[in-house]
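Read the structure below first, then the notes.
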Amino acid sequence: MQYEFTIPTRGQGLYEFTRDVQAWVSGSGLQDGLLTLFVRHTSCSLLIQENADPEVQTDLRAFFSRLVPPSSDPAMAYLRHTYEGPDDMPAHIKAAMMPVSLSVPVSRGALVLGTWQGIYLFEHRDRPHQRHVAVHLA
C-alpha cells in the first residue's frame, strides 16, 4: 500500500507529521508490517526525533546552521553552486548528512515508536515549500 504526504513548510525547521502518518497507517487495514518513508527532494531530510521538548528541535536547527552556514558566510567561499541563493547548497549538504528515508515497524495497526519519538521533515531551505514524502506499507 502506498501514499504520499504533502508537508507545507515555512522555512528552515523541523515539521512533525507523526499523527498524519499514524492516522494513515490506522486506516490502512494492515495490522503488522514495515512502513518506509522517502522524501522526494534534495534539500530537506527526514528524522525520528524527540517530540516532547521543542528545545530539541531548536537546538538541532541551530547546530546544523552552525555546522553548515549559508554560502554567503566567508567560511563557505569554496562553494560553486550559489545561484539558487545562499541557503541552497548548504541545504543540499545538510540533506546529504541526514536521512532521506526512514523505516518504522508497524504492530497491531500502530507505529512502533518510542514514547518521545516523532517523525519529522527537516526543512533546510529558508523559503516556504510544499514537500512530498512517499510512504510504503507492507
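Scanning the stretch 31-63 for residues that are of a type in the set (S, T, N, Q) and over 21 Å from SER101 (Cα atoms) gives GLN31, THR58.
Of all residues in the stretch 95-134, those being farther than 22 Å from PRO69 by Cα and assigned to a loop (DSSP other than H, G, I, E, B) number 7. Taking first residues from the stretch 61-80 that are among the polar types (S, T, N, Q) and partners that are not in a loop (DSSP other than H, G, I, E, B), the Cβ contacts under 6 Å between residues at least 6 apart in sequence or on separate chains come to SER71/MET89.
Candidates are the residues of the stretch 27-49 that are over 18 Å from ARG131 (Cβ atoms) and polar (S, T, N, Q); the one that is surrounded by the most Cβ atoms within 10 Å (Cβ to Cβ) is SER28. The residues on offer are ALA110, ALA96, ALA52, ALA62, and the sole one that is surrounded by fewer than 16 Cβ atoms within 10 Å (Cβ to Cβ), among the hydrophobic types (A, V, I, L, M, F, W, C) and touching a helix residue (DSSP H, G or I) at 6+ places or on another chain (Cβ under 8 Å) is ALA110. Scanning the stretch 26-77 for residues that are more than 21 Å from PRO8 (Cβ to Cβ) and touching a Phe, Trp or Tyr at 6+ places or on another chain (Cβ under 6 Å) yields GLU50, ALA52. Filtering the stretch 44-57 to residues that are out of contact with any strand residue (DSSP E or B) (no Cβ under 8 Å at 6 or more places or on another chain) and part of a loop (DSSP other than H, G, I, E, B) leaves ALA52, ASP53.
Determine which member of the set SER103, SER107, SER65 is at pLDDT 95 or above, among the hydroxyl-bearing types (Ser, Thr, Tyr) and farther than 30 Å from LEU30 by Cβ.
SER65
Okay, residues lined up against (1) at pLDDT 95 or above; (2) buried (at least 18 other Cβ atoms within 10 Å of the Cβ); (3) within 16 Å of the chain's Cα centre (by Cα):
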| residue | (1), (2), (3) |
| --- | --- |
| VAL25 | yes, yes, no |
| VAL56 | yes, no, yes |
| SER71 | yes, yes, no |
| PRO90 | yes, yes, yes |
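The set of residues from the stretch 58-94 being assigned to a helix (DSSP H, G or I) and either of a type in the set (Val, Ile, Thr) or touching an Asp or Glu at 6+ places or on another chain (Cβ under 6 Å) (or both) comprises THR58, ILE93. Whether any residue in the stretch 5-19 is within 12 Å of the chain's Cα centre (by Cα), part of a loop (DSSP other than H, G, I, E, B), within 30 Å of GLU84 (Cα to Cα) and not basic (Lys, Arg) is what I want to check. Scanning the stretch 5-19, I find at least one residue that is within 12 Å of the chain's Cα centre (by Cα), part of a loop (DSSP other than H, G, I, E, B), within 30 Å of GLU84 (Cα to Cα) and not basic (Lys, Arg), so the answer is yes. All conditions in (1) free of Cβ contacts under 8 Å to residues at least 24 places away in the same chain; (2) surrounded by fewer than 16 Cβ atoms within 10 Å (Cβ to Cβ); (3) more than 28 Å from MET1 (Cβ to Cβ) hold for ARG127, with the sole exception of (1).
The values are calculated or read from the model by the stated rules, or taken from the named source; none is laboratory data. Fair warning: this is a prediction, and the values are worked out from it, not measured in the lab. No Cβ is skipped: glycine too gets one built from the backbone with ideal geometry, and neighbour counts run over all protein chains shown.
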